[in-house]
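What follows is a short report on a single structure.
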Amino acid sequence: MEDRITGYKLEHCRPLCVKAIQSWEKLKEQLDKALSELDLVPHLKQKFETILYHHIPKICIASCPNSCSQPQIKDFAVIGYLRPKLTQEPCQGCQACVNVCIEKAVSWTGQGINLNPELCVQCGACVRSCPSGTLAEEDSGWELRLGGRVGRHPRFAQTVGRLSSDQKVVSWVIEILDYYLKYGNPEERLSHFLERAVLSNVPSAHESNGAKD
Ligand code: SF4
Ligand code: SF4
Ligand code: SF4
């Protein structure tokens, strides 16, 4: 019921997860504040004769690509990532990185480490496991996706960009919601509007390159 009072549903990871790359708690706090200020309920009442659950905008934060909170099926998906790189620091040959990478994106060549960016999902586990700094962070932040839903016509949210700042993520969400409130048709739920009017003309939110979708 809480979502019908606030006019939005904001989901997130479990607290204190050791796999978190970004802090969902800080971002949630900022999003809650900005979404409350948007005062969505009166706007939704103008748009829909009766506000049903699927009319309520859904925003989901996952602090790593494991995506336990199921961001792929939400209107807004915000997923933490950490892209690793190989540095000049001498490798100790412990192979902790090889063992921790379940994607098999890290391999031992006999002399050193090989990193395959095509297989890497940018979870950051190898960087956390490396005692020497041979594997380090190239960049990190939030991957943004739009337009996911379940129901009669399910679809996965589509990747639209990356941002490193929590505040910019908040601005991105609010800007798109504003756009929906202004230009969404009567009785048109957000995910259909995103598919029709936004994903063909995305307000892009790219900040870092080297993205792997
Ligand atoms: S998505 Fe990642 S950080 Fe969030 S609960 Fe799952 S494993 Fe932990
Ligand atoms: S970031 Fe994750 S997926 Fe990528 S190489 Fe490291 S452990 Fe493997
Ligand atoms: S974890 Fe670090 S030190 Fe160990 S093998 Fe991998 S790159 Fe080398």
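Observations, loosely collected:
- Separation between Cα centres of segment 30-74 and segment 112-189, rounded to whole Å: 16 Å
- Exposure proxy order (Cβ contacts within 10 Å, fewest to most) of THR50, THR159, THR134: THR50, THR159, THR134
- Net length gained if the chain between GLN111 and ARG152 were fully extended (0.36 nm per residue, minus Cα distance): 9.5 nm
- Computed over the chain: relative contact order in percent, which uses C-alpha pairs under 8 Å that are six or more apart: 21 percent
- Additional length obtainable on full extension of the chain from VAL100 to GLU137, 0.36 nm per residue less Cα span: 11.7 nm
- Cβ-placed point charges (K, R +1; D, E -1), dipole of segment 83-138 about Cα centre in debye, nearest 20: 80 debye
- FRET efficiency, HIS192 to GLN167 (Cβ-Cβ, R0 41 Å, nearest 0.05): 0.90
- Extension gain, GLU175 to LYS26, is 51.7 nm, computed as 0.36 nm per intervening residue step minus the present C-alpha separation.
- Estimated [θ] at 222 nm from DSSP helical runs (n ≥ 4, -39500 (n - 2.57)) normalised by residues in the chain, nearest 500: -8000 deg cm²/dmol
- Neighbour-count ranking [beta-carbon atoms within 10 angstrom, fewest first] of HIS54, HIS153: HIS153, HIS54
- The order of the peptides 109-118, 179-188 by mean Cβ neighbours within 10 Å, most packed first, is 179-188, 109-118.
- Footprinting exposure proxy ranking of ASP178, ASP32, fewest other C-beta atoms within 10 angstrom first, gives ASP178, ASP32.
- Cross-link table LYS58/LYS85; LYS74/LYS104; LYS26/LYS58; LYS26/LYS104; LYS26/LYS182, entries beyond 26 Å C-alpha to C-alpha: LYS58/LYS85; LYS74/LYS104; LYS26/LYS104; LYS26/LYS182
Throughout, read-outs are computed from the coordinates displayed, never taken from laboratory work. Nothing here was measured: the structure is a model prediction, and the numbers come from that model. In this analysis, Cβ positions are derived from the backbone assuming ideal geometry, glycine residues included, and neighbour counts consider all displayed protein chains.
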